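**Student:** Quick one: structure below, then a few questions.
The values are calculated or read from the model by the stated rules, or taken from the named source; none is laboratory data. Because the structure is predicted, anything quoted here is derived from the model rather than measured. No Cβ is skipped: glycine too gets one built from the backbone with ideal geometry, and neighbour counts run over all protein chains shown.
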Amino acid sequence: MSYIKSRKHAPCHPPRLNRTVALTALAITLPATALADEPKQLQAVDVSAPAINPDSYTAERAASTKYTAPLVDTPKSVTVITREVLRETNATSLQDALRSTPGITFGMGEGGNPAGDRPFIRGFDSQGNLFIDGLRDPGSQSRDMFNVEQVDVIKGPDSAFSGGGAVGGSINLTTKQARLGDFGEVDVGFGTDKYMRATVDLNRQLGETSALRLNLLGFRSDVPGRDEVDLNHWGVAPSLALGLGTPTRVNLDYYHFQTDDMPDYGIPYNNPISPYLTVTSPTAPTGKPTANPAASQNGDGGPLGVDRNNFYGLVDRDFRKTRVDSGTVRIEHDLNDQFTLRNATRYTRSLNDYVVTNPGDSSANIVNGSPAMPRSSKNRHSSSEVIINATELTGHFLTGAIKHTIATGFEISRTEVDNRGYTVTGTSNANIQNPNPHDPWTGSVVRATAGTKTTTNTQGLYAFDTLTLNPQWLLNLGLRYDRFDTEQRAYTTNGTAPNAASNLSSDSTFWSYQAGIVFKPLENGSIYLNYSTAANPPGIAAGDGADSISATNKDLEPEKTRSIELGTKWNLLDNRLSLSGAIFNITKTNAKVNVDANTMATVGKQEINGFELGIAGVLTPKWQVFGGYTYLDSELKETGDSYWSTRNGTSWSYNNNAANKGNQFPNTPKNSFSLWTTYKFLPQLTVGGGAYYMSRVYGDPANTKWVPSYWRFDAMASYDITRNVSVRLNVTNLFDKTYYDKAYVTHMVSVAPGRQAVLSANVKF
C-alpha cells in the first residue's frame with residue numbers, strides 16, 4: 001500500500017515543551033472510569049492481525065497483511081524492531097531505530113536531493129520506499145518514533161510487495177492504534193545538551209466496541225558535539241476505532257508533526273584533486289587530458305581534519321522547517337470466518353523548507369591546511385499533496401489437501417510536488433579551523449520566481465499466496481503489476497515565460513515477482529530458497545527525492561533488480577528466541593549510467609553478494625538480545641565509458657566512468673554489526689548496552705570520497721520503583737567517539753552526535 005504527503009506553505013512555529021506538558025495534563029483528565037496496568041482485551045475477530053507484545057524483542061509476524069505467513073515461514077529476510085527495543089534504546093528518530101539492525105546506512109540530502117530520511121538497504125537507496133501502516137509514505141521528511149509501535153525492515157528486492165522503486169527493500173512503520181481497554185503512559189526525559197522530551201500515550205475505551213487513543217510529543221535538544229545545532233519538534237496523533245470485536249471495524253487516524261531545526265551538513269571532505277585540468281573551450285578537447293599541476297595537493301578523500309564541533313553554518317541565515325498533516329480512514333469487514341475485505345484511504349500534506357550551508361561545495365581547494373571556505377548554500381521549499389487508496393482481500397481456503405493463505409488487492413495514488421526554492425544572496429567565508437557561526441551576513445533569502453510541479457499517478461494490482469502443501473513444505477508466490485506516470489511542468493510567479501525545457505513526462509509499466517519454497521524440518525524452523533524482483537522507473541521520487549525525472553532519464557526503461565536468497569529461520573526456547581541466517585545475490589541490470597554530457601542510458605550492471613545473521617529474544621529468563629551481522633560484497637560490474645562533459649557550454653572536464661568498474665557501491669559497508677542486550681540483575685534493576693560497528697563507507701562511485709569505519713557503544717540502566725513507575729538512564733556514544741555516519745557523493749560528510757546522557761521517568765496508569 002502507499003502513503004501520502006504534502007507540504008504546506010504556511011510557516012512552521014517553533015514548538016515549546018510546555019505545550020506538551022499542558023496537553024499531557026489535559027489528556028490525563030479525559031473521562032475514565034478505570035485505571036489498569038494492562039489493557040482489557042477482547043477476542044480478536046480478525047485472525048490475520050499481528051499481535052504485538054510490548055515487552056518482547058520478538059514478533060510472530062510482519063505487520064503488513066501482504067505477508068501471508070508467520071515470519072518463521074516467510075522466505076525473505078525481515079527484521080522486526082519491536083516497541084521494547086525502541087523504548088530501551090531511547091530511539092526517537094528513524095535513524096536511531098534502524099541503528100539496531102545491520103545492513104542499513106543513511107545517505108545525505110542536499111538541494112535537488114532533499115534533506116530528510118534516506119536509508120540505504122543492502123546498498124540501494126530506499127528513500128521512496130517508506131510505508132506507514134502499509135501505505136507508501138513518499139516525500140522528504142524526518143520521522144519521529146513517538147507514534148510508532150514497531151518497525152519492519154524488509155531486505156532485498158521488494159517490488160512485488162511494495163511497488164516500484166523497492167530495489168533494496170522497504171521499511172514499514174506501524175502506528176499506535178486505538179484498542180479496547182483503558183491504559184495510559186507518560187514518559188518525560190531530561191538530559192545533557194539541553195535535552196527535554198515528553199510523550200503521552202493515552203487509550204480510553206468509549207463503549208463495548210469503540211476506543212480512542214491519543215499520542216503527544218514535545219521535544220527539544222542541542223546536538224552533542226555540534227556547535228549551534230539544535231532540534232525542536234512537536235506532534236499529536238489521535239486514533240479512533242469503532243466496531244472493535246465485531247465483523248466490521250473502522251479506524252480514523254490523524255497525524256501532525258512539525259520541526260524547527262538548525263540544519264547541519266557536517267564538515268567538508270579532504271578533497272582529492274583531479275589529475276586532469278578543466279579545459280575551457282567551446283568545443284570538445286581532443287587527445288589526452290592535460291595533467292593538473294595542483295594534483296600534488298591531493299587530499300585522501302576522507303573527512304577534513306578539523307574539530308568535531310566545527311559548525312560551518314550561519315545561525316542568522318540557516319533554518320529547516322518541516323510539517324506533516326495526514327488523515328487516514330481504514331475499514332475492515334469480515335465477509336465470513338475465512339475472508340476479510342479492507343479499504344484504506346489516506347490524504348497527506350507536507351512541507352520541507354530549508355536554507356542550509358553546504359561546506360566546501362564543489363571547491364577542490366578544500367584540503368587540510370586550507371585557511372578559508374566559502375559558505376555556499378543549498379535550499380528547498382517543497383510542498384506535496386498525496387492521496388492514496390488501497391483495497392485488499394485476505395483469507396484462507398483449501399483446494400484438496402492444499403491450504404491457501406492469500407492477499408490480493410489494488411492500489412491507486414496521486415502525488416503532486418510543488419518545488420519552488422529560494423534565491424539566496426550575500427557571501428560569507430568561514431575559517432576552516434575555527435568557524436564562527438555568528439559571522440555577519442548581510443544577504444537576503446527570497447522565494448524564487450520559477451518552480452516546477454510534478455504530478456505522479458500510480459496504479460498497482462497484486463496477489464500473494466502461501467500454499468501449505470503438507471506440514472513440511474510450503475510455497476510462497478507473489479505477483480504484481482504496476483503502471484507509473486509522472487509529469488513535470490515549469491511555472492513562474494512573476495509573469496515571465498517558464499522554462500519549457502523543464503516540461504517533462506515519463507510513463508512505465510512493469511511486472512514484479514516473488515517465489516519462495518520453504519522446507520520445515522521441524523515445526524519451529526524453516527529452510528527456504530527465494531527469488532524476487534524489483535523495478536525502478538524513471539522519476540520514482542516524484543520530484544522530491546534522489547531519483548526524480550530529468551531530461552536524461554525520462555525515456556529510459558525501468559532499472560531491474562533480481563535477488564536469489566537461501567536462508568534459515570528458527571524459533572527456540574518456546575518461541576522466545578528467534579535466529580535467522582541468509583546468503584544472497586542481488587543483481588541490478590538496466591542501471592542508469594551517463595554515457596556523455598547530456599545522455600543517460602541503462603547500460604550499467606551492479607551486483608552484491610552477501611550474507612546476514614540475526615538474533616532476537618530471550619537467552620535466559622533474565623537475558624535478552626537483539627542484533628545481527630551483515631556482510632555486503634558490492635561491485636560496479638558495468639559502468640559505461642569515459643567521456644568529456646560540458647559545463648555552461650564553454651567549460652569541459654573529464655569524467656572517467658570506466659575507471660569505476662569493479663568499485664564498491666556508495667553507502668554500502670562491507671561489514672556492519674549491531675547488538676543490543678539487557679540483563680535483569682534484580683527484579684527491579686535491568687542493565688544493558690549496545691555495540692555497533694560499520695566498516696568504511698564510500699560516498700561516490702569512484703571511491704574517492706569516504707568516511708572511516710567506527711565502533712560506537714551505548715549503555716542503559718532502568719529501575720522499577722513500583723509496578724507502574726520506572727526510571728531509565730540512557731547514555732549514547734558512551735566513549736564520546738568522533739565518527740561520521742553519512743557520506744555524500746560530493747562536498748561533505750555528516751558528523752555523528754557525541755555523548756549524551758538522558759534520564760527518563762515513565763508512569764503507566
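**Student:** Can you run down the residue pairs with Cβ atoms below 7 Å, 6 or more apart or on separate chains, where the first is in the range 427-443 and within 20 Å of residue 378 (Cβ to Cβ) and the partner is exposed (fewer than 10 other Cβ atoms within 10 Å of the Cβ)?
**Tutor:** Here the result reads 432/371, each pair linking the range 427-443 to a residue that is exposed (fewer than 10 other Cβ atoms within 10 Å of the Cβ).
**Student:** Could you list, in sequence order, all residues of the range 465-494 that are under 30 Å from residue 420 (Cα atoms), surrounded by fewer than 18 Cβ atoms within 10 Å (Cβ to Cβ) and polar (S, T, N, Q)?
**Tutor:** Result: 492, 493, 494.
**Student:** Hey, another quick one. Out of the range 312-332, which residues are surrounded by fewer than 16 Cβ atoms within 10 Å (Cβ to Cβ) and either within 29 Å of residue 68 (Cβ to Cβ) or under 26 Å from the mean Cα position of the chain (by Cα) (or both)?
**Tutor:** Selection gives 327, 329.
**Student:** So which residues in the range 77-90 are out of contact with any Asp or Glu (no Cβ under 7 Å at 6 or more places or on another chain) and closer than 15 Å to residue 152 by Cα?
**Tutor:** Scanning the range 77-90 gives 79, 81, 82, 85, 86.
**Student:** So, residue 610, is that one modelled with pLDDT of 75 or more and at positive phi or not? Full working, then the answer.
**Tutor:** On the way: modelled with pLDDT of 75 or more: yes; at positive phi: no.
No; evaluated as a whole, the condition is false for this residue.
**Student:** Give the residue that is surrounded by the fewest Cβ atoms within 10 Å (Cβ to Cβ), with candidates limited to residues of the range 690-720 that are of a type outside the set (A, V, I, L, M), more than 24 Å from the chain's Cα centre (by Cα) and modelled with pLDDT of 95 or more.
**Tutor:** This residue is 719.
**Student:** Here is a further query. How many residues does the range 391-402 hold that are touching a residue at least 12 places away in the same chain (Cβ under 8 Å) and in a loop (DSSP other than H, G, I, E, B)? Please lay out each step first, then the result.
**Tutor:** Of the range 391-402, the ones touching a residue at least 12 places away in the same chain (Cβ under 8 Å) are 391-397, 401-402.
Those still in the list that are in a loop (DSSP other than H, G, I, E, B) too: 401.
Selection size over the range 391-402: 1.
**Student:** Right, another one. Tell me the residue from 201, 158, 117, 137 that is more than 21 Å from residue 632 (Cα to Cα), crowded, with 23+ Cβ neighbours inside 10 Å and acidic (Asp, Glu), please. Full working, then the answer.
**Tutor:** Working: 201 fails: crowded, with 23+ Cβ neighbours inside 10 Å; 158 fails: more than 21 Å from residue 632 (Cα to Cα); 117 fails: crowded, with 23+ Cβ neighbours inside 10 Å.
From the options 201, 158, 117, 137, the qualifying one is 137.
**Student:** Then there is this: Identify the residue in the range 576-598 that is polar (S, T, N, Q) and surrounded by 16 or more Cβ atoms within 10 Å (Cβ to Cβ) and, among all such residues, is modelled with the lowest pLDDT. Spell out how you get there, then give the answer.
**Tutor:** Taking the range 576-598 first, the residues polar (S, T, N, Q) are 578, 580, 585, 587, 589-590, 594, 598.
Then keep just the ones that are surrounded by 16 or more Cβ atoms within 10 Å (Cβ to Cβ); that gives 578, 580, 587, 589-590, 594.
On the way: 578: 97, 580: 97, 587: 94, 589: 88, 590: 79, 594: 62.
That would be 594.
**Student:** The conditions are (1) surrounded by 22 or more Cβ atoms within 10 Å (Cβ to Cβ); (2) polar (S, T, N, Q); (3) not in a strand (DSSP E or B), and residue 209 fails exactly one of them. Which is it?
**Tutor:** All conditions are met except number (1).
**Student:** So which residues in the range 403-460 are in a strand (DSSP E or B), acidic (Asp, Glu) and touching a Leu at 6+ places or on another chain (Cβ under 9 Å), if there are any at all? Reasoning before the result, please.
**Tutor:** Here is the first cut: in the range 403-460, the ones in a strand (DSSP E or B) are 403-419, 422-424, 429-431, 445-447, 450-460.
From what is left, the residues that are acidic (Asp, Glu) are 411, 416, 418.
Residue satisfying the conditions is 411 alone.
**Student:** While we're looking at this one, here's another question. For residues that are surrounded by fewer than 21 Cβ atoms within 10 Å (Cβ to Cβ) and out of contact with any strand residue (DSSP E or B) (no Cβ under 9 Å at 6 or more places or on another chain), scanning just the range 244-281, find the one that is modelled with the highest pLDDT.
**Tutor:** In this case the residue turns out to be 245.
**Student:** If you take just the strands (runs of 3 or more DSSP E) that sit entirely in the range 679-765, which of them hold at least 2 residues that are in contact (Cβ under 8 Å) with a residue 24 or more places away in the chain and over 30 Å from residue 631 (Cβ atoms)?
**Tutor:** Working: elements: 685-694, 710-720, 725-732, 740-743, 748-751, 756-764.
Output list reads 685-694, 710-720, 725-732, 756-764.
**Student:** Shifting gears a bit: Only one of these is surrounded by fewer than 20 Cβ atoms within 10 Å (Cβ to Cβ) and not in a loop (DSSP other than H, G, I, E, B): 497, 534, 515. Name it.
**Tutor:** On the way: 497 fails: not in a loop (DSSP other than H, G, I, E, B); 534 fails: surrounded by fewer than 20 Cβ atoms within 10 Å (Cβ to Cβ).
Step by step, each of 497, 534, 515 is checked, and only 515 is surrounded by fewer than 20 Cβ atoms within 10 Å (Cβ to Cβ) and not in a loop (DSSP other than H, G, I, E, B).
**Student:** Going residue by residue through the range 237-257, is there one that turns out to be among the aromatic types (Phe, Trp, Tyr), touching a Phe, Trp or Tyr at 6+ places or on another chain (Cβ under 8 Å) and either within 19 Å of residue 190 (Cα to Cα) or not in a strand (DSSP E or B) (or both)? Show your work before the answer.
**Tutor:** First, the residues of the range 237-257 that are among the aromatic types (Phe, Trp, Tyr): 254-255, 257.
With the extra rule that they be touching a Phe, Trp or Tyr at 6+ places or on another chain (Cβ under 8 Å), the set shrinks to 257.
If we keep only those that are either within 19 Å of residue 190 (Cα to Cα) or not in a strand (DSSP E or B) (or both) too, we end up with none.
Within the range 237-257, not a single residue is among the aromatic types (Phe, Trp, Tyr), touching a Phe, Trp or Tyr at 6+ places or on another chain (Cβ under 8 Å) and either within 19 Å of residue 190 (Cα to Cα) or not in a strand (DSSP E or B) (or both).
**Student:** State whether the residues of the range 738-755 include one that is hydrophobic (A, V, I, L, M, F, W, C), surrounded by 15 or more Cβ atoms within 10 Å (Cβ to Cβ) and either farther than 22 Å from residue 366 by Cα or over 21 Å from the mean Cα position of the chain (by Cα) (or both). Before the answer, list the steps.
**Tutor:** At the first step, the residues of the range 738-755 found to be hydrophobic (A, V, I, L, M, F, W, C) are 743, 745, 748-749, 751-752.
With the extra rule that they be surrounded by 15 or more Cβ atoms within 10 Å (Cβ to Cβ), the set shrinks to 743, 745, 748-749, 751-752.
Now drop any that are not either farther than 22 Å from residue 366 by Cα or over 21 Å from the mean Cα position of the chain (by Cα) (or both), which leaves none.
Scanning the range 738-755, I find no residue that is hydrophobic (A, V, I, L, M, F, W, C), surrounded by 15 or more Cβ atoms within 10 Å (Cβ to Cβ) and either farther than 22 Å from residue 366 by Cα or over 21 Å from the mean Cα position of the chain (by Cα) (or both), so the answer is no.
**Student:** Inspect all residues belonging to the range 426-433 and state whether any of them is modelled with pLDDT under 95, closer than 30 Å to residue 305 by Cα and either under 26 Å from the mean Cα position of the chain (by Cα) or among the hydroxyl-bearing types (Ser, Thr, Tyr) (or both). Write out each step before concluding.
**Tutor:** Of the residues in the range 426-433, the ones modelled with pLDDT under 95 are 426-433.
Now restrict to residues that are closer than 30 Å to residue 305 by Cα: 426-433.
Now narrow it down to the ones that are either under 26 Å from the mean Cα position of the chain (by Cα) or among the hydroxyl-bearing types (Ser, Thr, Tyr) (or both): 427-428.
The answer is yes, given that some residue of the range 426-433 is modelled with pLDDT under 95, closer than 30 Å to residue 305 by Cα and either under 26 Å from the mean Cα position of the chain (by Cα) or among the hydroxyl-bearing types (Ser, Thr, Tyr) (or both).
**Student:** Tally time: how many residues in the range 215-230 are surrounded by fewer than 22 Cβ atoms within 10 Å (Cβ to Cβ) and assigned to a strand (DSSP E or B)?
**Tutor:** Adding up the residues that qualify gives 3.
**Student:** Please go through the range 367-408 and give me each residue that is of a type in the set (A, V, I, L, M, F, W, C), closer than 30 Å to residue 337 by Cα, surrounded by 15 or more Cβ atoms within 10 Å (Cβ to Cβ) and more than 27 Å from the chain's Cα centre (by Cα), ordered by number. Write out each step before concluding.
**Tutor:** Here is the first cut: in the range 367-408, the ones of a type in the set (A, V, I, L, M, F, W, C) are 367, 372-373, 386-388, 390, 393, 397-398, 401-402, 406-407.
Those still in the list that are closer than 30 Å to residue 337 by Cα too: 388, 390, 393, 397-398, 401-402, 406-407.
With the extra rule that they be surrounded by 15 or more Cβ atoms within 10 Å (Cβ to Cβ), the set shrinks to 388, 390, 393, 406-407.
The answer is 393, 406.
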